[in-house]
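The values are calculated or read from the model by the stated rules, or taken from the named source; none is laboratory data. Quick caveat: nothing in here was measured; it's all calculated off a predicted structure. Surface areas here come from the heavy atoms of the whole protein model, side chains and all, with no ligands, DNA or RNA. Shrake-Rupley method; radii C 1.70, N 1.55, O 1.52, S 1.80 Å.
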Amino acid sequence: QVQLVESGGGLVQPGESLRLSCAASGSISTFGVMGWYRQAPGNQRELVVVISRGGITNYADSVKGRFTISGDNAENTMYLQMNSLKPEDTAVYYCYAAIKDVSYWGQGTQVTVSS
């Protein structure tokens, strides 16, 4: 059973940065797709970014140029670097991974951007 554990969320002011981490119980190199989603109050969960095993990324237009996904195979950890944060980035951020059509989700970490 794959487990994903997010960390790194918090309260920041507009324009500041945060880095989220997603620690996986298995080797991240075995996942077909990994990524991040987010859900704001009253909204549906939406894609932030996904990355394929081949390294192809797909960012939401709203975060392009500000957010960057990366991974550390040795640490079995995926990261989301978030720069120039805006109030509309406020949401619970979820780590996601898929292996052979089976999806896994973390428990989520809250990111709040407010002055």
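Once the range 9-61 is narrowed to residues that are open to solvent by 40 Å² or more (accessible area, probe 1.4 Å) and basic (K, R), the residue that is modelled with the lowest pLDDT is R53. Within the range 74-105, the set of residues being closer than 22 Å to G54 by Cα, among the hydrophobic types (A, V, I, L, M, F, W, C) and not in a helix (DSSP H, G or I) comprises M78, L80, C95, A97, A98, I99, V102, W105. Counting just the residues of the range 62-106 that are open to solvent by 70 Å² or more (accessible area, probe 1.4 Å) and small (G, A, S), which one comes out farthest from P14 (Cα to Cα)? Taking the candidates together, the pick is A74.
Is it the case that E16 is of a type outside the set (F, W, Y) and either outside any loop (DSSP other than H, G, I, E, B) or within 11 Å of the chain's Cα centre (by Cα) (or both)? Walk me through it before giving the result.
Values: of a type outside the set (F, W, Y): yes; either outside any loop (DSSP other than H, G, I, E, B) or within 11 Å of the chain's Cα centre (by Cα) (or both): no.
Here the answer is no, as E16 does not meet what is asked.
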